[in-house]
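Quick note: the coordinates plus some simple rules give every number you see, no bench work behind them. In this text the structure is predicted, and so the values were computed from the model without any measurement. Here the Cβ positions follow ideal geometry from the backbone for every residue, glycine too, while neighbour counts run over all protein chains shown.
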Amino acid sequence: MLSTDTDILKTAEAWKREGRGVAIATVVETWGSAPRPVGSHLVIDQDTNFLGSVSGGCVEGAVITEAMDVIADGKPRMLEFGVADETAWQVGLSCGGRIRVYVERVD
Amino acid sequence: MRLRLLSDLNAERAARRAAILVTDVASGEQRFVREAEIGSDPLAEDLQESLRRGKSGLVERDGGQFFLTVQTPPVRVVVIGAVHISQALAPMAKGLDLDVTIIDPRTAFATPERFPDVPVLAEWPDAVLPGIGIDRYTAVVALTHDPKIDDPALSAALRSECFYIGALGSRKTHERRVQRLSASGFSEADLARIHAPIGLDIGAVSPAEIAVSVLAEIVASLRKERRRSA
């Protein structure tokens, strides 16, 4: 399914109404060359189905993992991703930018 | 986010009205502000400014940090002419998250069979455009080649705040169009708003290629501020 801004929030609402656990991740701040603009959304359900993007695919995996905790405990989280550190086991943006992503549960 | 806020956001979007979701970053508290209610919000000035720019972003105010999710209405493309190019353009526009409406009074052209999944109005543009309401989130594209159909639509577009106007036809055709429209009272500056010959110059030949060049020009107008060559 193609995901446009319209579809993403509509899908979040539909998933929630189906009784799924749902979280919305939103890019709230970017520095340098970030792949997706501020305001971009990624919607995640409890089974790690997702729609949309907050980066070009670089950090979605980590956001989805965090979203599982947000869906479980309901506490919103602010995540920050920077340049990938190749010597560490860490996700990051290869483009050299930094982004902050806010993840919240739909209640 | 409460489900109620999410469905309010989706409802405003479907109704083509702008709205802003305000999130207090520290507490996670949120409120939903419709465009009409911005004036009475404590962050009125910030909300107005972010809506004007059409951009989401963080603001610092009274020692707090707030994230504003700005939702402007979906961009709409009103296409005059249920022609071959329009058939190619409609599904591509959908992929770009553009709302397409096709208008053509010729009932042989304006059929749902030729345009599955998009609204097709078999009406004269001057009869239906006032009801559609051309706003600043609208692009108007005239593709019939027929002045009887295109001109009234272009006139309505020129009197509106729409962000893009394009008209199909050669330079010669456009010269004659400019003469007709100036005779009906439009100034040179008004007429300069019309992109003609329509579309970015990519040497398009087939209807689908012309559709790509028209849509590329619409995107270029929409994202003017971001263009490197602008």
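Details
- Within segment B:40-81, considering residues that are assigned to a loop (DSSP other than H, G, I, E, B) and of a type in the set (Ser, Thr, Tyr), the one farthest from the chain's Cα centre (by Cα): B:56
- Tally of residues being surrounded by 13 or more Cβ atoms within 10 Å (Cβ to Cβ), at negative phi and in a loop (DSSP other than H, G, I, E, B) across segment B:21-39: 1
- Scan of segment A:34-58 for residues that are in contact with a Lys or Arg (Cβ under 6 Å, 6 or more places away or on another chain) and at the interface with another protein chain (Cβ under 9 Å from one of its Cβ atoms), ordered by number: none
- Restricting segment A:1-53 to residues that are charged (D, E, K, R) and part of a strand (DSSP E or B), the residue that is farthest from residue A:97 (Cα to Cα): A:45
- Counting residues in segment B:158-166 that are more than 15 Å from the chain's Cα centre (by Cα) and either part of a helix (DSSP H, G or I) or in contact (Cβ under 8 Å) with a residue 12 or more places away in the chain (or both) gives zero.
- Hey, residue B:90 more than 14 Å from every other protein chain (Cβ to nearest Cβ), surrounded by fewer than 23 Cβ atoms within 10 Å (Cβ to Cβ) and aliphatic (A, V, I, L, M) or not: no
- Every residue from segment B:99-117 that is buried (at least 21 other Cβ atoms within 10 Å of the Cβ) and either within 14 Å of another protein chain (Cβ to nearest Cβ) or within 18 Å of the chain's Cα centre (by Cα) (or both): B:100, B:102, B:103
- Candidates in segment B:3-15 are the residues that are touching a helix residue (DSSP H, G or I) at 6+ places or on another chain (Cβ under 9 Å) and within 15 Å of residue A:18 (Cα to Cα); of these, the one that is surrounded by the fewest Cβ atoms within 10 Å (Cβ to Cβ) is B:3.
- All positions within segment B:122-158 that are more than 16 Å from residue B:177 (Cβ to Cβ) and not aliphatic (A, V, I, L, M): B:123, B:124, B:126, B:130, B:131, B:133, B:135, B:136, B:137, B:138
- Residues that are in contact with an Asp or Glu (Cβ under 6 Å, 6 or more places away or on another chain) and among the polar types (S, T, N, Q) within segment B:138-166 comprise just one, B:144.
- Filtering segment A:6-33 to residues that are closer than 19 Å to residue A:75 by Cα, among the charged types (D, E, K, R) and more than 8 Å from chain B (Cβ to nearest Cβ) leaves only A:20.
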